[in-house]
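Chemist: This is the structure, below, for whatever I ask next.
The values are calculated or read from the model by the stated rules, or taken from the named source; none is laboratory data. The model shown is predicted, which means the values in this text are computed figures rather than measured ones. Backbone-built Cβ (ideal geometry, glycine too); neighbour counts: all protein chains shown. Each accessible area value is taken on the protein alone, full model and side chains, heavy atoms only, with ligands, DNA and RNA left out. Shrake-Rupley method; radii C 1.70, N 1.55, O 1.52, S 1.80 Å.
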Amino acid sequence: MGVAGPFPGHAAGPPVPVMDRDDADRALARLGAEHEAIETSLLALQDHAGRRLLEGAELTGVTRERWASTDQAITLLWGYFDAYSGALAQARAVRARRRYPNRDDLVALTELLRGQGVTVAHAAARPDPSVNGPARLSERFTLEELVARMNELYARSLDMIVASDSVWSALPARIDLLAAELHRTRSLAHSVGVRPGEHPAGDDLEAITHELATLRIQVISDPLAFWLPGPGSSAPGGGRPDTARYDRAARALDDVRREIEAVLAVRQDAEQRLVQLRDVLSRADRTLTEARAARGEVLAKIAASEVPAVSGPATVLQERLAAASEYRRHAQWHRLSPLLETLEREAEDELLRARESLTAVTAPLAVRAELRGRLDAYKAKVARHGLAEDPLLIERYDAARRMLWSAPCDLRVAGQAVLRYQEAAAELLSQRRTPGPEDRR
């Protein structure tokens, strides 16, 4: 919805005391073309959709103030145009008196076309709001000055109208589309139990609803409050609508929509996730039971060893799992969704803790098993070298074996016994190893 551009400026001819006939005819032709351009632009401004909306709207804030000033400027603009039209008509009448104007006619034409021959009375039109100081009853202009004044008023009026119309064309429609999406999201949220006061997403929906309603009212009544002028732009309407508040509301609605989609996903796979949770907690309980049994065995079979205590089953998690099952049974998906996420994370932590506890408890048994394996491995090694009947080795092997296969077993003393057996075996093996020819096969 554009209008014609600024009025063409008045280019004065070379300063001469009196115009000749050709100068007067060329000036009248140029002024006639200017008059048509000015009239076309004024009529387009008068019919501009933004101006009609401003006239019929209940305005507030900065838009109300600027429209009052702009309305005065448009009225004054028509007054200037009427004065311009009157001066042009008067000049045409002087020129039409005779085919070859005499000196008096040329003097009159020079005064009208190049002198301050245009008088604008402010009795019929209000003073120009852009002029500071006391108002005057009338002003005198040259035609060039009058065109410059009209250009200024027109550009300022057009800028205000185009800015308001741009905001009205951009924001209300987008707000309405977002409000329709908000309505659909609220209906979906209510279907899964996401309501204000019961779920944070329901509270967010209420806040977004209020924000969009407030934003639309403010945009309609004060569009210029949502206009960002373009930096360094002097063209009317240079700038863009300020969509910061709309964008924040749109992002907030996207976040709520994702939350509701998560709740819907919970409704679809809640039973499978509950079964998996029961399985994880069951494995954790079995692992803890195994750890408690292993701790009793360690305390009975291993002496002088610190064995960590084993905690009991996670009864709190079992109670919360039962609450999750109740939420599913009563279709309270908005409560089930966050509970399932927390339970899944805590159940995995509980299983990991049970496995770590079993590892810590059975560590002494693992050390004893390692010592037993090392003792038997060295016995087999000395047997291959024909040293199984050595009295020293037999004595030290029997001592280490008694310690490792008796209860309770002192791992520190048993480890020293195994080490003594290893040292004795290594010494005997080194004595029997004699240098021989190198086998190069």
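Chemist: I'd like to verify a number: residues in region 39-64 that are open to solvent by less than 60 Å² (accessible area, probe 1.4 Å), part of a helix (DSSP H, G or I) and not β-branched (V, I, T), how many?
Modeler: 9
Chemist: With the structure loaded, tell me whether G2 is open to solvent by less than 60 Å² (accessible area, probe 1.4 Å) and either on the phi < 0 side of the Ramachandran plot or at pLDDT 65 or above (or both) or whether it fails that test.
Modeler: Judged against the criteria, G2 is not a match.
Chemist: Can you name the residue in region 158-217 that is among the β-branched types (V, I, T) and not in a helix (DSSP H, G or I) and is also modelled with the highest pLDDT among such residues?
Modeler: Ranking the candidates gives V194 first.
Chemist: Given the conditions (1) touching a strand residue (DSSP E or B) at 6+ places or on another chain (Cβ under 9 Å); (2) open to solvent by less than 40 Å² (accessible area, probe 1.4 Å), report the number of the one that A155 does not fulfil.
Modeler: Of (1) touching a strand residue (DSSP E or B) at 6+ places or on another chain (Cβ under 9 Å); (2) open to solvent by less than 40 Å² (accessible area, probe 1.4 Å), only one is false for A155: (1).
Chemist: Do the conditions hold for D247, that is, is it open to solvent by 80 Å² or more (accessible area, probe 1.4 Å), closer than 30 Å to A189 by Cα, at pLDDT 90 or above and under 30 Å from the mean Cα position of the chain (by Cα)?
Modeler: Here the answer is no, as D247 does not meet what is asked.
Chemist: So is E206 farther than 17 Å from Y327 by Cβ and free of Cβ contacts under 8 Å to residues at least 24 places away in the same chain or not?
Modeler: yes
Chemist: Just wondering, is there one or more residues in region 65-86 that are open to solvent by 20 Å² or more (accessible area, probe 1.4 Å), in contact with a helix residue (DSSP H, G or I) (Cβ under 9 Å, 6 or more places away or on another chain) and either modelled with pLDDT under 70 or on the phi > 0 side of the Ramachandran plot (or both)?
Modeler: no
Yes or no, residue by residue, for (1) of a type outside the set (S, T, Y); (2) out of contact with any Ser or Thr (no Cβ under 9 Å at 6 or more places or on another chain); (3) within 30 Å of H330 (Cα to Cα); (4) touching a residue at least 24 places away in the same chain (Cβ under 8 Å):
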position	(1), (2), (3), (4)
A225	yes, no, no, yes
G239	yes, no, no, yes
Q272	yes, yes, yes, no
D279	yes, yes, yes, no
A284	yes, yes, yes, yes
I302	yes, yes, no, yes
T315	no, yes, yes, no
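Chemist: Given the conditions (1) open to solvent by 30 Å² or more (accessible area, probe 1.4 Å); (2) in contact with a helix residue (DSSP H, G or I) (Cβ under 7 Å, 6 or more places away or on another chain); (3) free of Cβ contacts under 8 Å to residues at least 40 places away in the same chain; (4) over 23 Å from I208 (Cβ atoms), report the number of the one that E341 does not fulfil.
Modeler: The number of the failed condition is (2).
Chemist: Just wondering, is there one or more residues in region 301-318 that are of a type outside the set (D, E), at pLDDT below 80 and in a helix (DSSP H, G or I)?
Modeler: yes
Chemist: How many residues are open to solvent by less than 60 Å² (accessible area, probe 1.4 Å), part of a helix (DSSP H, G or I) and either within 30 Å of R278 (Cα to Cα) or of a type in the set (A, V, I, L, M) (or both) if we restrict to region 347-365?
Modeler: Going through region 347-365 one residue at a time, the tally reaches 10.
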